Amino acid sequence: SVIGDFNGWQPDRTPLRRARGAWSVDVPLPPGEYQYKFWVDGVLIRDKLSSSIIADGEGGYNAVLMIR
């Protein structure tokens, strides 16, 4: 799943789907800045491909996505 401030950090709200060897999901979002992580087998994982990160307040980092 992808979790973030856009879905209340709830792991069951935005599950990823596997298609053609990649995991994805469409999430319609209005313009703004969104923090997120991936929920994989019960563990939070930061998106290592994101070039924008911010401290999560718990010693780790969230990825940041800007929608314009």
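Read-outs: derived from the displayed coordinates by stated rules, not from any lab. Just so you know, these numbers come straight off a predicted model, no measurement behind them. Here the Cβ positions follow ideal geometry from the backbone for every residue, glycine too, while neighbour counts run over all protein chains shown.
The figures follow:
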read-out: Integer Hz, Karplus 6.51/-1.76/1.60 couplings in order for the range 31-41, x for Gly and Pro; value: x, x, 10, 10, 9, 7, 9, 9, 10, 10, 6
read-out: Taking only Cα atoms of the chain, radius of gyration then Dmax in Å; value: 11.8, 36
read-out: Candidates per chymotrypsin sites (Phe, Trp or Tyr not before Pro) in the chain, loop by DSSP, up to 15 other Cβ within 10 Å; value: Trp9
read-out: Dipole magnitude (debye, nearest 20) for the chain, charges at Cβ of Lys, Arg, Asp, Glu; value: 340 debye
read-out: Simple spin-label estimate for Ile53 and Arg20 in nanometres, 7 Å along Cα-Cβ; value: 3.0 nm
